[in-house]
Amino acid sequence: SQTIHQWPATLVQPVGSPLSLECTVEGTSNPNLYWYRQAAGRGLQLLFYSVGIGQISSEVPQNLSASRPQDRQFILSSKKLLLSDSGFYLCAWVGGTPPASSGANVLTFGAGSRLTVL
Amino acid sequence: DQQVKQNSPSLSVQEGRISILNCDYTNSMFDYFLWYKKYPAEGPTFLISISSIKDKNEDGRFTVFLNKSAKHLSLHIVPSQPGDSAVYFCAAKSSGTYKYIFGTGTRLKVLA
């Protein structure tokens, strides 16, 4: 079966510091990978998605970036955090070979990473 | 531009009764819809989905209805249980893209 891991689970960072959140998927190959953010009291905002190694699509212009150095690894980064970057960051995957048991088009999420920027 | 809307931020229902959560969308190219349940500080978990070629899909206590002409879908939970208390998100995807667009969520509280 497939699993998705995110770390760290919680992070408290000062304004202006760098950020690196990592996500890995096990048990499948060539999945589509996603980063979402849930800000306080808001919905799930799509930040980035990737359909292959080195292929990144950005949905929201901001000081965050994403990279996919390996097939099942997705990294969210920032060089200098802003207060507005605080939120709950979620990695997700879909597709792949084999796909998730819930369905080939069902997005499966990780447990999330809580980022607080002070 | 919010393509997927959940206009009710919260809903309270008595245990054993029906919970109805609503979702509206604006993009007529959406052809696959999903519902997720989310507890605080956890990732969303998948509940049920529906393709645009159907108007109803049922899985146990959960039923999703799709009205394409109205661009509206709803999630029915029968009977509601206290453990159903969570935030529910609807999401939509169009066949020509890889993007899953989520609504803002509805917080369901099932009262014992």
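Only the coordinates and a few stated rules stand behind these numbers; no lab work does. No experiment lies behind these values; they were computed from the predicted model shown. All Cβ positions, even for glycine, are placed from backbone atoms using ideal geometry, and neighbour counts span all protein chains on display.
B:Tyr25: net charge of surrounding residues, Cβ under 9 Å, Lys/Arg +1, Asp/Glu -1, itself excluded?
+1
Express in nm, to one decimal, how much length is gained between A:Asn30 and A:Glu59 on full extension, taking 0.36 nm for each residue of separation and deducting their alpha carbon distance.
Value of the extension gain: 8.4 nm.
Show which aspartates and glutamates lie in cross-link reach of A:Lys79 when reach means a straight Cα distance below 17 angstrom and same-chain residues fewer than eight apart are skipped.
A:Glu22
When the dipole is taken about the Cα centre of region A:1-109, and only Lys, Arg (+1) and Asp, Glu (-1) are charged at their Cβ, what size is it in debye, to the nearest 20?
It works out to roughly 200 debye.
Measuring from centroid to centroid over Cα atoms, what is the spacing of region B:1-54 and region A:17-38 in Å?
Rounded to whole Å, the Cα centres lie 24 Å apart.
For chain B, what are Rg and Dmax over the alpha carbons, in angstrom?
Just the Cα atoms of chain B yield Rg and Dmax of 13.4, 44 Å.
Cross-link candidates for B:Lys38: which lysines have Cα within less than 18 Å, leaving aside residues fewer than 8 places away along the same chain?
Straight-line reach from B:Lys38, under 18 Å: B:Lys5, B:Lys109.
Using a ≥ b ≥ c from the Cα gyration tensor of chain A (square roots of the eigenvalues), is it rounded, prolate or oblate, where a/c under 1.5 gives rounded and otherwise the larger of a/b and b/c decides, a/b for prolate?
It is prolate, given that a/c is not under 1.5 and a/b is the larger ratio.
If you take each beta carbon of peptide A:28-36 and count the beta carbons of other chains within 10 angstrom, what is the mean?
1
Taking the Cα centre as origin and putting +1 on Lys and Arg beta-carbons and -1 on Asp and Glu beta-carbons, what dipole magnitude results for chain B, to the nearest 20 debye?
100
Aspartates and glutamates within cross-link reach of B:Lys99: Cα-Cα under 16 Å, excluding same-chain residues under 8 positions apart?
Of all the aspartates and glutamates, those that pass the test against B:Lys99 - Cα under 16 Å, at least 8 places apart if same chain - are A:Glu59, B:Asp1, B:Asp31.
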